[in-house]
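These notes concern the structure reproduced below.
No lab work stands behind these numbers, since they all come straight from the coordinates. Note that this is a predicted model, so its numbers are computed, not measured. Here the Cβ positions follow ideal geometry from the backbone for every residue, glycine too, while neighbour counts run over all protein chains shown.
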């Protein structure tokens with residue numbers, strides 16, 4: 001047990017301590033050496049005119065895909081819970097997007113599906129007489145939400161499907177015998193059963209969506225302007241493009257704090273049943 | 001419910017079920033088609049569903065995208081990081097599952113919390129450390145980082161599989177004088193082999209698809225396929241057929257792994273919260 005713990009402790013503590021340390025330094029890689037800056041980075045971060053936009057984008061990129069994946073995932077799980085010919089294969093096709101690496105997913109959507117000239121969606125829109133949309137410059141956020149939702153809906157579906165299969169069939173049968181309509185059965189039997197897995201999905205997705213990065217990197221690079229810049233991309237652009245180590249570290253801590261707030265609730269939920 | 005109504009319901013379910021499945025899978029299918037088109041056919045308007053397939057893209061993608069080199073990086077990073085994580089995790093999971101103290105729970109939860117630490121929070125120090133020890137853009141650094149970030153998940157999964165082994169079996173072995181490592185190697189590993197295999201598969205899948213660290217700390221030397229595709233997309237976005245070929249060849253093996261382990265996946269991804 002010890003080697004794993006020691007390595008994990010180093011892995012966590014050293015970089016985190018350094019991030020905290022750097023966040024108090026006035027340190028730009030192009031103007032070394034670093035000097036003590038006090039709270040200057042935090043001041044800069046909190047008064048950065050881009051920050052409200054960045055925070056808003058981060059929240060949109062967390063909650064919009066969660067809404068889409070939970071609603072769609074629940075419907076799909078209910079759909080694939082019932083038997084029909086070829087269901088195992090249909091199910092394999094549905095979960096496929098989850099295994100597509102984010103850079104490839106973003107690329108396919110950007111070039112082959114949503115591209116304003118050659119994309120399939122544009123062609124479909126043109127053939128029914130609509131003007132094609134340049135998604136990544138007109139509705140960049142929507143486009144990224146579509147990509148993220150496409151990757152993660154299978155995740156929600158898979159988890160809720162697993163959970164549905166552990167639902168007591170006799171209980172369902174009993175509800176039906178008592179004359180409950182399917183909507184009522186769903187509302188009073190199925191939904192309460194799904195409450196827990198859905199909350200697990202929401203917490204996990206929050207943590208993962210706070211870190212969305214590759215999808216932005218491949219498609220919009222945070223633009224146009226700062227329209228699709230979330231916290232990870234903001235830090236990336238300040239640190240690796242602007243060389244501002246101090247400011248990027250302060251931003252990094254902001255990300256850690258945000259993720260920890262959510263992780264706290266998730267871990268507490270897990271701890272109950274450990 | 002009458003038989004005809006039931007039949008009709010089943011038919012409806014089949015139609016909707018298949019329709020949704022085809023829509024969800026469509027982008028992957030469309031990418032796979034483009035991989036076998038010529039560049040002209042890939043950019044044809046209206047889009048072509050029928051065309052003369054060609055294997056040219058697969059022959060040329062290595063030259064354009066450096067496919068083989070990046071694929072080799074992806075394979076070595078994902079497999080070695082998985083072995084590294086398994087070797088570290090197995091003894092830890094063994095101790096926690098069979099010699100748990102009242103601190104075990106806290107350690108498990110602490111490990112979980114590390115898994116949720118956002119990578120951007122530690123990117124800057126790691127980057128600077130790698131620069132100063134000259135390990136930037138090496139598969140070694142990427143392997144260690146990915147291995148460590150998957151370690152908590154691997155410990156959790158192994159723990160849950162070990163827990164299912166009746167402790168009497170290990171008790172009996174201990175009576176016969178088997179040391180912990182012997183018990184682990186000759187009893188626990190064979191008994192939980194399917195569980196260990198799905199843990200390894202999940203770790204390989206996550207490592208293979210990992211994009212954040214690949215984009216930020218590797219470049220031409222140690223870049224994995226995730227990076228190759230990302231940087232190619234930004235520089236030469238017009239060679240779609242070749243890009244699709246490279247994408248297909250990057251996604252296909254992992255897709256098959258994922259399909260194989262779809263049942264165990266949920267347990268691993270939710271840390272046992274949903275079984």
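Tabulated results
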{"item": "For the stretch A:150-253: rounded, prolate or oblate by the Cα gyration tensor [a/c cutoff 1.5]", "result": "prolate"}
{"item": "In degrees, nearest ten, helix B:104-115 long axis to first principal axis of chain B (Cα)", "result": "20 degrees"}
{"item": "Rounded FRET efficiency, nearest 0.05, which uses the C-beta distance separating residue B:10 from residue A:265 and R0 of 35 Å", "result": "0.30"}
{"item": "For the stretch B:184-272: rounded, prolate or oblate by the Cα gyration tensor [a/c cutoff 1.5]", "result": "prolate"}
{"item": "Distance from the stretch B:115-148 to the stretch B:35-113 (C-alpha centre basis), Å", "result": "18 Å"}
{"item": "Extension reserve of the residue B:54-residue B:79 stretch, reckoned as 0.36 nm per residue once the Cα distance is removed", "result": "5.8 nm"}
{"item": "Mean-position separation - Cα centroids, the stretch B:188-205 and the stretch A:219-274, in angstrom", "result": "32 Å"}
{"item": "Gyration tensor verdict on the stretch A:225-274 (Cα atoms; rounded if a/c is under 1.5, prolate if a/b is larger than b/c, oblate otherwise)", "result": "prolate"}
{"item": "Those residues of the stretch A:217-237 whose amide nitrogen sits under 11 Å from the label point placed on residue A:28, 7 Å along Cα→Cβ", "result": "none"}
{"item": "Estimated [θ] at 222 nm from DSSP helical runs (n ≥ 4, -39500 (n - 2.57)) normalised by residues in the protein assembly as shown, nearest 500", "result": "-23000 deg cm²/dmol"}
{"item": "Relative packing of B:15-21, A:218-224, which averages over residues the other C-beta atoms within 10 Å, highest first", "result": "A:218-224, B:15-21"}
{"item": "Peptide B:122-134, shielding by other chains (average Cβ, 10 Å cutoff)", "result": "6"}
{"item": "Cβ crowding within 10 Å averaged over residues, with A:106-116, A:121-131, A:4-14 ranked highest first", "result": "A:106-116, A:4-14, A:121-131"}
{"item": "Ranked by how many other beta carbons lie within 10 Å on average, peptides A:196-209, A:178-191 from highest", "result": "A:196-209, A:178-191"}
{"item": "Gaussian network model of chain B, Cα within-10 Å springs - most flexible of B:245, B:14, B:92", "result": "B:14"}
{"item": "Virtual spin-label span in nm between residue B:179 and residue B:197, 7 Å along Cα→Cβ", "result": "3.0 nm"}
{"item": "Simple label model, 7 Å out from Cα along Cβ direction - residue A:196 to residue A:257, nm", "result": "3.4 nm"}
{"item": "Largest-first principal axis extents of the Cα set of the stretch B:122-275 (Å)", "result": "65, 39, 26"}
{"item": "Rough spin-label spacing in nm, given labels placed 7 Å along Cα→Cβ, for residue B:40 and residue B:260", "result": "4.1 nm"}
{"item": "Degrees between helix A:51-81 axis and first principal axis of chain A (Cα, 0 to 90, nearest 10)", "result": "20 degrees"}
{"item": "With eigenvalues of the C-alpha gyration tensor scaled by 5 and rooted, chain B, Å", "result": "40, 30, 16"}
{"item": "Shielding by partners - mean other protein chain Cβ count within 10 Å, residues of B:21-34", "result": "6"}
{"item": "Using a Förster distance of 51 Å, the FRET efficiency for residue B:220-residue A:55 (Cβ separation, nearest 0.05)", "result": "0.90"}
{"item": "Inter-chain shielding of A:186-192 (mean C-beta neighbours from other protein chains, 10 Å cut-off)", "result": "0"}
{"item": "Whole-number D in µm² s⁻¹ for the protein assembly as shown, Kirkwood Cα-pair radius fed into Stokes-Einstein, 20 °C, 1.002 mPa s", "result": "86 µm²/s"}
{"item": "Sequence of A:243, A:84 once ranked by neighbouring C-beta atoms within 10 Å, starting from the fewest", "result": "A:243, A:84"}
{"item": "Cα-Cα P(r), the stretch A:52-272, percent of pairs per 10 Å interval", "result": "7, 26, 30, 22, 11, 3, 0"}
{"item": "On Cα atoms only, tilt of B:240-260 relative to the major axis of chain B in degrees", "result": "30 degrees"}
{"item": "Förster radius 41 Å - calculated FRET efficiency between residue A:81 and residue B:102 (Cβ-Cβ, nearest 0.05)", "result": "0.55"}
{"item": "Residues B:60, B:210, A:173, sorted so that the one with the fewest Cβ neighbours within 10 Å comes first", "result": "A:173, B:60, B:210"}
{"item": "Pair-distance profile P(r), taking every C-alpha pair of the stretch B:34-145, with 10 angstrom steps and integer %", "result": "11, 22, 24, 19, 16, 7, 2"}
